[in-house]
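Data block below; observations after.
The values are calculated or read from the model by the stated rules, or taken from the named source; none is laboratory data. It should be emphasised that the depicted structure is a prediction, and the values quoted were computed from it without experimental measurement. Cβ placement follows ideal geometry from the backbone for every residue including glycine, while neighbour counts extend to all protein chains displayed. Protein only, heavy atoms only, side chains kept; ligands, DNA and RNA dropped before computing areas. Shrake-Rupley method; radii C 1.70, N 1.55, O 1.52, S 1.80 Å.
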Amino acid sequence: MAMSQASEFNARIGADHLVPLWEQLHSLVPEVPPRVCAPALWRYEALRPHLMEAGRLITAEQAVRRVLVMENPAIPGRASITQTLYAGLQLILPGEVAPTHRHTQSALRLVLEGQSAFTAVDGERIPMQPGDFIITPSWTWHDHGNALQAEGGEPVVWLDGLDIPLLGFLGAQFSGNYHAKEQPVTKVVGSSLARYGAGLLPVRHRVNSPVSPLAHYPYARTREALDTMLRDGGLDDWDGVKMRYVNPATGGPAMPSMATFMQLLPKGFRGKTYRSTDATVYSVVEGRGQVSIDGQRFDFSPRDTFVVPSWAPVSLCAGEDCTLFSFSDRPLHEALGLLREQRQD
Ligand code: 1HN
């Protein structure tokens, strides 16, 4: 077909909202995942002053959620750190309340600094300690609070991970506000941990949900498990010692759309190269090291966030004992039979 003939044809069928497949077939079904997202790292040291400035500009209540969103530099304007996931750092100051609401988007929290805040999820107040992983499942009422300064309140910062871009793609977004700022507390502190986080389940607990009944995964326990596993020969050449957070009733992920992990890299660890189809967001809990993503090297320090795009080769090195939290949309890849991983020698 001559070029002028093709463009004349395209214009004519375009008027009827038709396009020729043959001009885009290759990009619609690429041989390997295309590089839509870029590797990127956000240094906490650089980000923190902006977050504290936001704390002077707007209250948590005015903002509803006082968050700086980490946007993937290759896809700006979409509040996305990967094609399916959102990540941001949230600040709550002493005495503040982030009001109660709910939405169909699932949220995860990883506490970065400060000890005086709590998040309330469906009637349970969960105290937040650095390194703790806490879930806010789809459609659960949630609000956050912090102690008054006179009672030991300090600025508290955490990482939020949500499946916002994914739900936008699916057209499955709903949200609503609670009629009061704070929801009533109906459970004792430690309720979810006692019922579901002690290697026990209430005797008549029946599994009918892909959402973990355990909402709080304290760092102290995670850290101890990793440390013991390291001494027990659990070191992997690619991952270090890597564990996944589970729904204790099913062995599946804590929430159906996002998998979460914590890994320990002992000082001097030089990891082999790995890649997988699930683009992954990392948050450094402890230690300094280096990550190479698609040939780009980044030094990382505690509380830094970095993102590894889909199918990008990644390797990790630790200058000190490091612990890294990470999350991805892996459960979806698994459910659809699409997860591919490659471990290079
Ligand atoms: C949200 O509800 C929270 O509850 C954090 O802390 C970040 C980003 C977009 C939409 C809702 C929270 C959010 C969010």
| request: Answer yes or no: is there a residue in the stretch 225-243 that is buried (at least 20 other Cβ atoms within 10 Å of the Cβ), among the basic types (Lys, Arg) and touching a Phe, Trp or Tyr at 6+ places or on another chain (Cβ under 9 Å). | output: no
| request: Tell me, yes or no, whether the stretch 257-265 has at least one residue that is surrounded by 22 or more Cβ atoms within 10 Å (Cβ to Cβ) and more than 16 Å from the chain's Cα centre (by Cα). | output: yes
| Residues that are surrounded by fewer than 12 Cβ atoms within 10 Å (Cβ to Cβ) and of a type in the set (A, V, I, L, M), drawn from the stretch 43-57 | 46, 57
| task | Look at the stretch 111-120 and say how many of its residues are within 13 Å of the ligand (Cβ to nearest atom) and more than 19 Å from the chain's Cα centre (by Cα). | result | 1
| request: For the stretch 91-119, enumerate the residues that are in contact (Cβ under 8 Å) with a residue 60 or more places away in the chain and in contact with a His (Cβ under 6 Å, 6 or more places away or on another chain). | output: 92
| Subset of the stretch 174-195 that is loosely packed, with under 12 Cβ neighbours inside 10 Å and of a type in the set (A, V, I, L, M, F, W, C) - its residue that is farthest from residue 140 (Cα to Cα) | 188
| field | Among the candidates 171, 123, residue that is more than 17 Å from the chain's Cα centre (by Cα), more than 15 Å from the ligand (Cβ to nearest atom) and open to solvent by less than 30 Å² (accessible area, probe 1.4 Å) | value | 123
| request: Could you please find all residues in the stretch 1-37 being surrounded by fewer than 10 Cβ atoms within 10 Å (Cβ to Cβ) and in contact with a Pro (Cβ under 9 Å, 6 or more places away or on another chain)? | output: 27
| task | All but one of (1) in contact with a helix residue (DSSP H, G or I) (Cβ under 8 Å, 6 or more places away or on another chain); (2) of a type in the set (Ser, Thr, Tyr); (3) farther than 26 Å from residue 212 by Cα hold for residue 59, so report the exception by its number. | result | (1)
| query | Which ones in the stretch 68-80 are within 12 Å of the ligand (Cβ to nearest atom) and crowded, with 21+ Cβ neighbours inside 10 Å? | reply | 70, 80
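May I ask you to list the residues in the stretch 200-224 that are within 25 Å of the chain's Cα centre (by Cα) and surrounded by fewer than 16 Cβ atoms within 10 Å (Cβ to Cβ)?
First, pick out the residues of the stretch 200-224 that are within 25 Å of the chain's Cα centre (by Cα): 207-224.
Result: 207, 208, 209, 220, 221, 224.
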| note | For strands (runs of 3 or more DSSP E) lying entirely in the stretch 306-345, having 3 or more residues that are in contact with a His (Cβ under 6 Å, 6 or more places away or on another chain) and open to solvent by less than 50 Å² (accessible area, probe 1.4 Å) picks out none
| Name the residues in the stretch 81-91 that are more than 13 Å from the ligand (Cβ to nearest atom) and buried (at least 21 other Cβ atoms within 10 Å of the Cβ), would you? | 82, 84
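So, in the stretch 92-110, how many residues would count as being away from the ligand (no atom under 11 Å from the Cβ) and either surrounded by fewer than 21 Cβ atoms within 10 Å (Cβ to Cβ) or more than 26 Å from residue 279 (Cβ to Cβ) (or both)? Break it down into steps so the answer makes sense when it comes.
Residues of the stretch 92-110 away from the ligand (no atom under 11 Å from the Cβ): 93-97, 110.
Adding the requirement that they be either surrounded by fewer than 21 Cβ atoms within 10 Å (Cβ to Cβ) or more than 26 Å from residue 279 (Cβ to Cβ) (or both) leaves 93-97.
Matching residues across the stretch 92-110 total 5.
When the stretch 126-139 is examined, which residues are found to be in contact with a strand residue (DSSP E or B) (Cβ under 7 Å, 6 or more places away or on another chain) and within 14 Å of the ligand (Cβ to nearest atom)?
First, the residues of the stretch 126-139 that are in contact with a strand residue (DSSP E or B) (Cβ under 7 Å, 6 or more places away or on another chain): 126-136, 139.
Matches in the stretch 126-139: 126, 128, 134, 135, 136, 139.
Counting only residues that are buried (at least 17 other Cβ atoms within 10 Å of the Cβ) and out of contact with any Leu (no Cβ under 9 Å at 6 or more places or on another chain), how many does the stretch 246-256 have? Step through it out loud before you land on a result.
Taking the stretch 246-256 first, the residues buried (at least 17 other Cβ atoms within 10 Å of the Cβ) are 247-249, 252-256.
Cutting the leftovers down to out of contact with any Leu (no Cβ under 9 Å at 6 or more places or on another chain) gives us 252-253.
Final tally of qualifying residues: 2.
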